[in-house]
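One structure below.
The values are calculated or read from the model by the stated rules, or taken from the named source; none is laboratory data. Here the structure is a predicted model, which means the values were calculated and not measured. Please note: Cβ atoms are built from the backbone with ideal geometry, for glycine as well, and neighbour counts cover all protein chains shown. Please note that ligands, DNA and RNA were not included when accessible areas were found on the heavy atoms of the full protein model with its side chains. Shrake-Rupley method; radii C 1.70, N 1.55, O 1.52, S 1.80 Å.
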Amino acid sequence: MEEMEEELKCPVCGSFYREPIILPCSHNLCQACARNILVQTPESESPQSRRASGSGVSDYDYLDLDKMSLYSEADSGYGSYGGFASAPTTPCQKSPNGVRVFPPAMPPPVTHLSPALAPVPRNSCITCPQCHRSLILDDRGLRGFPKNRVLEGVIDRYQQSKAAALKCQLCEKAPKEATVMCEQCDVFYCDPCRLRCHPPRGPLAKHRLVPPAQGRVSRRLSPRKVSTCTDHELENHSMYCVQCKMPVCYQCLEEGKHSSHEVKALGAMWKLHKSQLSQALNGLSDRAKEAKEFLVQLRNMVQQIQENSVEFEACLVAQCDALIDALNRRKAQLLARVNKEHEHKLKVVRDQISHCTVKLRQTTGLMEYCLEVIKENDPSGFLQISDALIRRVHLTEDQWGKGTLTPRMTTDFDLSLDNSPLLQSIHQLDFVQMKASSPVPATPILQLEECCTHNNSATLSWKQPPLSMVPAEGYILELDDGNGGQFREVYVGKETMCTVDGLHFNSTYNARVKAFNKTGVSQYSKTLVLQTSEDTDSEEQTPPFPVPSERLPLRRMSPFSSTLNLQPSFPGRSYFDFRSSPHQLSLHSSLQSLNAPGCNYETQSAPYSQLVDIKKLLAVAWFAFDPGSAHSDIIFSNDNLTVTCSSYDDRVVLGKTGFSKGVHYWELTVDRYDNHPDPAFGVARMDVMKDVMLGKDDKAWAMYVDNNRSWFMHNNSHTNRTEGGITKGATIGVLLDLNRKTLTFFINDEQQGPIAFENMEGLFFPAVSLNRNVQVTLHTGLPVPDFYSSRASIA
């Protein structure tokens, strides 16, 4: 029952609901709290006045109120809705539950009426503090919202079950234990208060006094007030409107807006919805049971990881101690790696335990609340909230799917120390996989007839040996820098052909390939030497064959970027020969190799038929959004280049490509922008939180922006408020310069504010957070803005 308590507290005051009302969004508020957060909108900004003036503005344009606080440059952007233009803007407040609420811009008028009867200012607007949906109140004011009597009944039973002993209701200081209850007065008395306030004489002599326990039962079993219609306050609910999904009275059916709607019996719909909620709870109960078992499994994994770590360290120390003194320095490095892996595994499992525990507590609280709601005997009150509860139960059940109950980390340390190398190989000592289920794949063979060069591009093709029995999971293609330097990975994947663009003209490149599987990597193939064409100065070059535009985004733009082209080989001048090279075993440590700083290559850019100098473009990469790591509410289209969301809450989606070196620039266009949300754009780590706005944790660096201004945010710290927002059709540019370790933002080709973040180091993924009111499209493979390139060259 304690886990249900959060369901019973008002998001504004943090206390148990008092006279709760149901908003159109299905959330609840205390009637007094709802009145406290009313906002009065100017006449000229109300939907009615705009329609009367013929401006053609939609009903949602009243949301175009200033949401920003004027008090701090580092304001979060969630300020209150302002009143009239002359009224000062009021900063937002936080309720005890942590929900941001919007206090009124002007103090409420003094009145002696109750909150339910007190007049509401004309054109008043109320914003739900949980989902932030807003609406204009009609002439009935707060009386137009139905009261949630079911929630009142649940709170009453909950408070009674929490009370250890019934207390006197009339004691002025410390309440004493009640000894009797008056059924007519409905009050609990202690002996002194009964003698003083309820003497057994006069009219009070006829009142019936019962023991407190019996009085509690009689109070619980007393009939509740009959539900009345919100439009016709003297009429009781008698039917249920199927189209509007709400109880109605007979006057609503005869002369109201429900006269032409399909209606059904109130009792029948009450039983039907109770049955639906019960069935939904059965599925959620099974999920909760699985989650409990999963938590036990995760806690056991912690112990297993601890034991395996101790065992592994002991084995490692024993092997290192058997070696000669030259192994001592290497031993410390290997122990550090083991400890790092140990801590990483524990962190991942503990984080998953914490996340699953919170989600299970929320699920259990919702279940207990729904079970209490099912106990209610008020059909109309139940039907007012049943649809919302059924949706919440189904949504919560869906959140337990998609791998939520699968461990993110194994307990095994799949590493073993090979202590056989000779003393001269001591510095090459490294971990190898412990559990080798199959041999490493055979060395790939470069196919000479399909390898060629054209201009400053090279196409390479390879295959597995004909008699190879060990399958390869992928291949790693490496090229040097054209000057005999170190090899670098240019492609990792399952394909057996790759075209690399952006090489130097009139240069000689060495290429080699190796295969890998879960066991390890094969030996390198023989080195292939390729000669690019002679430079034609500034003369524009065009490919000798037509290239479909839809395939161009897959074209490899740089030998050190993360994109590739799987075009067939094309005719052209090619010079190559085979050069023997010593075979060398190497562990594959990264499946993505990104462009290195300071590389001056030539590449292909839009229009795609022209070749331009990479000194203007640096290195570009093609990528799309990643459905695999995105939040489940994200909706993808346009080959994963366009995203939106099904939720009113902010959700995060990452790009498929991560960057650790070089200069990278991409843009996002705003396809849809409704109700002035705050989308965020930037970069993030792979393990960033996906269910909050980008920049709320320390794993993301972002700029969030509305229709008026923007902020930079990292680790929930808001800085550098800058005027200028976005609308439909706006373009947001993101420039990640890992050479200078900076992140800069642009809006419509103009830099937005100063350099947003500095000292950027590590692996970053393009990231966006948005809700259902926003849709954006990603554009990649773009050159760095000209003014930034010239500034970088000067620096």
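Brief remarks follow.
- Any hit, region 329-350, residues being modelled with pLDDT of 90 or more, touching a Pro at 6+ places or on another chain (Cβ under 8 Å) and open to solvent by 80 Å² or more (accessible area, probe 1.4 Å): no
- Scanning region 671-688 for residues that are open to solvent by 10 Å² or more (accessible area, probe 1.4 Å) and either assigned to a strand (DSSP E or B) or among the acidic types (Asp, Glu) (or both) yields a total of 6.
- The residues of region 20-40 that are assigned to a loop (DSSP other than H, G, I, E, B) and surrounded by fewer than 18 Cβ atoms within 10 Å (Cβ to Cβ), listed by number, are Pro24, Cys25, Ser26, His27.
- For region 489-513, the set of residues classified as in contact with a Phe, Trp or Tyr (Cβ under 7 Å, 6 or more places away or on another chain) and over 22 Å from Thr657 (Cβ atoms) consists of His504, Arg512, listed by residue number.
- Criterion (out of contact with any helix residue (DSSP H, G or I) (no Cβ under 6 Å at 6 or more places or on another chain), β-branched (Val, Ile, Thr) and within 20 Å of Thr727 (Cβ to Cβ)) met by exactly one of Val670, Val683: Val670
- Each residue in region 770-785 was checked for being closer than 23 Å to Asp633 by Cβ and assigned to a strand (DSSP E or B), and 6 of them qualify.
- Matching residues, region 235-279, being open to solvent by 40 Å² or more (accessible area, probe 1.4 Å), out of contact with any helix residue (DSSP H, G or I) (no Cβ under 9 Å at 6 or more places or on another chain) and part of a loop (DSSP other than H, G, I, E, B): Gln243, Cys244, Lys257, Ser260, Glu262
- Test: residue in region 652-670 that is open to solvent by less than 30 Å² (accessible area, probe 1.4 Å), assigned to a loop (DSSP other than H, G, I, E, B) and of a type outside the set (Gly, Ala, Ser): yes
- Checking each residue in region 136-151 for being surrounded by fewer than 18 Cβ atoms within 10 Å (Cβ to Cβ) and either in contact (Cβ under 8 Å) with a residue 40 or more places away in the chain or basic (Lys, Arg) (or both) picks out Ile136, Arg140, Arg143, Gly144.
- Tally, over region 720-738, of residues that are open to solvent by 50 Å² or more (accessible area, probe 1.4 Å) and either part of a strand (DSSP E or B) or in contact with a helix residue (DSSP H, G or I) (Cβ under 8 Å, 6 or more places away or on another chain) (or both): 3
- If you filter region 502-514 down to residues that are in a loop (DSSP other than H, G, I, E, B) and surrounded by fewer than 23 Cβ atoms within 10 Å (Cβ to Cβ), you find that the one that is nearest to the chain's Cα centre (by Cα) is His504.
For every residue, the table says whether it meets (1) within 30 Å of Gly381 (Cβ to Cβ); (2) in contact (Cβ under 8 Å) with a residue 60 or more places away in the chain; (3) in a strand (DSSP E or B).
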| residue | (1), (2), (3) |
| --- | --- |
| Ile155 | yes, yes, no |
| Gln159 | yes, yes, no |
| Gln169 | yes, no, no |
| Glu172 | no, no, no |
| Pro175 | no, no, no |
| Cys185 | yes, no, no |
| Pro192 | no, no, no |
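- Of all residues in region 459-501 being polar (S, T, N, Q) and buried (at least 16 other Cβ atoms within 10 Å of the Cβ), the one that is modelled with the lowest pLDDT: Ser468
- Members of region 267-291 found to be more than 22 Å from Gln399 (Cα to Cα) and within 40 Å of the chain's Cα centre (by Cα), listed by number: Met269, Trp270, Lys271, Leu272, His273, Lys274, Ser275
- Restricting region 515-530 to residues that are polar (S, T, N, Q) and part of a loop (DSSP other than H, G, I, E, B) leaves a set whose member that is most open to solvent (accessible area, probe 1.4 Å) is Gln523.
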